[in-house]
Amino acid sequence: MTLAITKTTSTAVPAVVGSDLRVPLVTGERVTYANLDHAASAPCLQEVRDAVDELLPWYASVHRGAGFASQVSTRVYEQARDRIRKFVGAHASDTVVFTRNTTDSLNLLARSVPRGTAVVLFDSEHHAALLPWRGPDVQRIPAPASSGAAVVALDRALAAAPVGPRLVIVTGASNVTGELWPVAELAKVARRHGARIALDAAQLAPHRPIDVRELGVDYVAFSGHKIYAPFGAGVLVGRADWLQQAQPYLVGGGATSKVTDHGDRLGVAWSAVPERHEAGSPNVVGVHALAAACEILSRHWEQTVAHEQELLTRLRDGLRTIPGFRELSILTDADKVGVVSFTIPGFDAGFLAAALSAEYGIGVRDGAFCAHVIVGRLVKQAGAHEDRAVRASIGLGTTAEHVDRLVAALRTLVTEGPKWTYTQRDGRWVAEDDSRTLPPFLA
């Protein structure tokens, strides 16, 4: 059984849930929320919500249930593997393992590489890709200044790597700068040195098509919550051999094909991949939502890219008119998805984010974006005295009015100051005498 996904021939981008959300301001007004924080978590697509609603009456535990609803849920769950495999252009032999998110996927891969594998990665990676790899066999390359420099640096690092299995970790699009990394070129270098390559596609998947065969990568990981399916599912797609040879990431039901009692010990026969690394009752709803989002985006890539690039140009052009604005950048020659991180000397990033929310109904991100190494370096290069920045990120729910509101609000804050009084509390800036009320479901 395949649950239907509503198809459309509209030239508009897919609609998101909450596009008409109105939020309170400290001044007592209410305005439509300007969500410019898509890089952290994207809202749910309306078609994804509809797909989830269609599944929920049929929801049941998968794989081991004889009831009809269980058979339906099992079919939905297993068909999602094929739908996601198609989304990333994977080989028929590639395994699709469902996880919680990109972090979970990359930790699973880190637990599965053969002992002694030389791991090479750039230090500009998100913590999800940077931190799982520890020990003397890990080589971290300083972030390069250009795409060409990245290729040269990887070539040198792999040439110096120990003999044996090798793995390269690379991001598709930086969650700090939005810059697109030269994945295909890096994969060619990896191949030349007999290395495998894993792609962190958390920021790439919502913005650009992915084809692992065309790119030449061996593994790809991404999250539902970044790709407009915020129901707690992620995925690791790639070659099965290392995953098949590894001990289960978690142990429990589903990861075992048979457990026997031998008195002083238990005998365990582990399942084959992908079930080997999917112990416990799986997130059927989240997996279905993730697969639905993949199919929906696949039908709208032309509109999605055009929408985001138009707004990105509008955003960058507008921000450049703000006194003191300095955009963070790693690769000076790279194209970008809809992410802009910046500093404004003399203005704390947390203060700007708090004032934008409280006075203008704008959601942005402030901090180091789970990429502390590269953000600290870029902020210092930009001349700021802190290790944080502001990040505005565009998605399908973003409008020209949202972008213009952000630019106008920042200009006012920088040139005239805030309308309200703010103080720091537990390390965060907050508006004093904030009388905004939470929604009724939190009362």
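Here's the yes/no breakdown for (1) in the same structural domain as A349 (by the TED database); (2) outside any loop (DSSP other than H, G, I, E, B); (3) β-branched (V, I, T):
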| residue | (1), (2), (3) |
| --- | --- |
| Y249 | no, no, no |
| G252 | no, no, no |
| V273 | no, no, yes |
| A306 | yes, yes, no |
| Q309 | yes, yes, no |
| L315 | yes, yes, no |
| S329 | yes, no, no |
| D333 | yes, no, no |
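Step by step: first the residues of segment 316-329, then only those that are open to solvent by less than 10 Å² (accessible area, probe 1.4 Å) and out of contact with any strand residue (DSSP E or B) (no Cβ under 6 Å at 6 or more places or on another chain), then the one that is farthest from T399 (Cα to Cα). Which residue is that? Quick ask: steps written out before the conclusion?
Within segment 316-329, the first condition is being open to solvent by less than 10 Å² (accessible area, probe 1.4 Å), and the residues that meet it are 319, 322, 328.
If we keep only those that are out of contact with any strand residue (DSSP E or B) (no Cβ under 6 Å at 6 or more places or on another chain) as well, we get 319, 322.
Working: L319: 16, I322: 20 Å.
Applying the filter and picking the extreme gives I322.
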_Subset of segment 1-52 [open to solvent by 70 Å² or more (accessible area, probe 1.4 Å), modelled with pLDDT of 95 or more, assigned to a loop (DSSP other than H, G, I, E, B) and farther than 16 Å from I394 by Cβ]_ = D20, L21, E29
*May I ask you to list the residues in segment 252-298 that are within 20 Å of the chain's Cα centre (by Cα) and either open to solvent by 40 Å² or more (accessible area, probe 1.4 Å) or modelled with pLDDT under 95 (or both)?*
N283, E295, S298
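Filter the helices (runs of 4 or more DSSP H) completely within segment 88-166 down to those with at least 1 residues that are touching a Lys or Arg at 6+ places or on another chain (Cβ under 7 Å) and at pLDDT 95 or above. Explain how you work it out, then say what you get.
Values: elements: 102-112, 127-130, 147-159.
In segment 88-166, the matching helices (runs of 4 or more DSSP H) lie at 147-159.
If a residue has to be of a type in the set (K, R) and either touching a Gly at 6+ places or on another chain (Cβ under 9 Å) or on the phi > 0 side of the Ramachandran plot (or both) to count, how many in segment 189-204 make the cut? Outline the logic, then answer.
Taking segment 189-204 as the starting set, the residues that turn out to be of a type in the set (K, R) are 191-192, 196.
Retained after the next criterion (residues that are either touching a Gly at 6+ places or on another chain (Cβ under 9 Å) or on the phi > 0 side of the Ramachandran plot (or both)): 191, 196.
Within segment 189-204, residues that are of a type in the set (K, R) and either touching a Gly at 6+ places or on another chain (Cβ under 9 Å) or on the phi > 0 side of the Ramachandran plot (or both) number 2.
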*open to solvent by 10 Å² or more (accessible area, probe 1.4 Å), in contact (Cβ under 8 Å) with a residue 12 or more places away in the chain and out of contact with any strand residue (DSSP E or B) (no Cβ under 7 Å at 6 or more places or on another chain) - does that describe any residue in segment 194-207?*
no
*asked:* So in segment 359-408, with the set limited to residues that are among the basic types (K, R) and either open to solvent by 20 Å² or more (accessible area, probe 1.4 Å) or part of a helix (DSSP H, G or I) (or both), which one is nearest to Y33 (Cα to Cα)?
replied: R405
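Against the condition open to solvent by less than 40 Å² (accessible area, probe 1.4 Å) and within 27 Å of V16 (Cβ to Cβ), how does G338 come out, does it pass?
When the stated conditions are applied, G338 passes them.
The values are calculated or read from the model by the stated rules, or taken from the named source; none is laboratory data. These figures come from a predicted structure and were not determined experimentally. Every residue, glycine among them, receives a Cβ derived from its backbone with ideal geometry; neighbour counts consider all protein chains shown. The area values use the complete protein model at the heavy-atom level, side chains included, leaving out ligands, DNA and RNA. Shrake-Rupley method; radii C 1.70, N 1.55, O 1.52, S 1.80 Å.
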